[in-house]
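The values are calculated or read from the model by the stated rules, or taken from the named source; none is laboratory data. In this text, all values refer to a predicted model and were calculated from it rather than measured experimentally. Cβ sites come from the backbone with ideal geometry, for glycine too, and all protein chains shown count toward neighbours. We work out accessible area using only protein heavy atoms, side chains counted, and drop any ligands, DNA or RNA first. Shrake-Rupley method; radii C 1.70, N 1.55, O 1.52, S 1.80 Å.
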Amino acid sequence: DGIIHISRISAAIEVDTPIHSHDPETPSEIEIQIGKHVAELIEDGATLQMGIGGIPNVVLNNLMNHKRLGIHTEMFSDGILPLIEEGIITGEEKEVKTGK
C-alpha cells in the first residue's frame, strides 16, 4: 500500500532542491504509429499501468476520446495530467482503490 498517513512518519528531512526533470523528445514516426495502435486497443473503463518514455507519452496523447480510465502505476509522465483535467481518467471502474 503506497499511502502512508503522516502520523506514521517519525522523521522527515525537508529538501530545497528542484526535482529532477527530463524534457520529452519529439516522438519518431514509428513511436507515433505504435502509440496510435496501442491506444486503439484500450477500452473505455480500462485501468492502465503506464511507464515513462516516448511510446507511453504518445499512447496518452491518443486517449482523449476515451472514458472512465483508471491508472494503477508506480510512475507516470505529465501526459496523464490532461486526461485527469478533462475527466477521462476517473478511476471509477478500478477494482483496486476505486476512484483514486
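Rolling a 1.4 Å probe over the heavy atoms of the protein chains gives the chain an accessible area of 78 Å² per residue. In percent, rounded to a whole number, the relative contact order of segment 1-63 is 38, using alpha-carbon pairs under 8 Å and six or more apart.
Against the chain, whose longest principal axis is taken from its Cα atoms, helix 29-41 shows a tilt of about 80°.
Expressed as a whole percent, the accessible surface of the chain that belongs to carbon and sulfur atoms is 54, based on a 1.4 Å probe. Applied to segment 84-91, the Karplus parametrisation 6.51 cos²θ - 1.76 cosθ + 1.60 on θ = phi - 60° returns per-residue 3J(HN,Hα) values of 5, 4, 8, x, 7, 8, 10, x Hz, with x for Gly and Pro.
Sorted from longest to shortest, the spans of the Cα atoms of the chain along the three principal axes equal 48, 32, 20 Å. What does the charge count near HIS72 come to, summing +1 for each Lys or Arg and -1 for each Asp or Glu among other residues with Cβ under 11 Å from its Cβ? Net charge around HIS72: +1. Note on surface exposure: ARG8, ARG68 rank ARG8, ARG68 by accessible area, highest first, 1.4 Å probe.
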